[in-house]
Amino acid sequence: MAAVLLVSSLALGHAAAQTPDATPVAPVVPQAVAAVPMAPESEQIKKSEQIKLDKKHVTCVAKVVHHEAGNQPRAGQIAVAHVLMNRVKHGHGSDVCDAAKRPGQFFPIDRYHPDRSTNQWSEAVDVARDVLAGKARDTSRGALFFHANWAKPDRFFRGRTKVARLDDHDFYR
């Protein structure tokens, strides 16, 4: 990369020296550039994904998706995962696991052990990875809460703004 910058600087300096202005322009003289070893781009991408895709976070989100929306189409599962992300963005937890473990929010995810050999679990993990990596559009429309739409909303939900309905869930801010 340093060689490309050096060649580019030389070319720019040569072009600048040949401008037809009345004022002469001094050519750009490249200065010594310290070689900075850089990992190939694919390695950088993998490292950034590893940071975002902490195994613990993937598991927490997958457990919530599996338990709360495992019987829903992918868009509904993505919406449930985004509720966790939105809660963290709004200060309702330091990370997705903290947000999922807040009292009265979900279920005891540490005691929930789904069968990890099923397609439903694999789908929940895929959804968790896509949402955590920012690869899935927020189908919840910024929702912070949801409930099964076959159940009558309690007072808490009646005071909220419904922003989406996806299959068996209503989503609220």
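With only the Cα atoms considered, segment 57-168 has a convex hull volume of 101 Å³ per residue. By other beta-carbon atoms within 10 Å, ranking Trp150, Trp121 with the fewest at the front produces Trp150, Trp121. Residue-wise HN-Hα couplings along segment 158-166, as the Karplus relation 6.51 cos²θ - 1.76 cosθ + 1.60 with θ = phi - 60° gives them from phi, are 5, x, 10, 8, 6, 10, 6, 10, 10 Hz; Gly and Pro carry x. Across segment 113-127, coupling constants 3J(HN,Hα) worked out from phi with the 6.51/-1.76/1.60 Karplus curve, θ = phi - 60°, read 10, x, 5, 7, 9, 8, 5, 4, 5, 4, 5, 4, 5, 4, 4 Hz, and Gly and Pro carry x.
Residue-normalised convex hull volume from the C-alpha trace of segment 134-173: 59 Å³ per residue.
Just so you know, all these numbers are worked out from the coordinates, no wet-lab data involved. These figures come from a predicted structure and were not determined experimentally. No Cβ is skipped: glycine too gets one built from the backbone with ideal geometry, and neighbour counts run over all protein chains shown.
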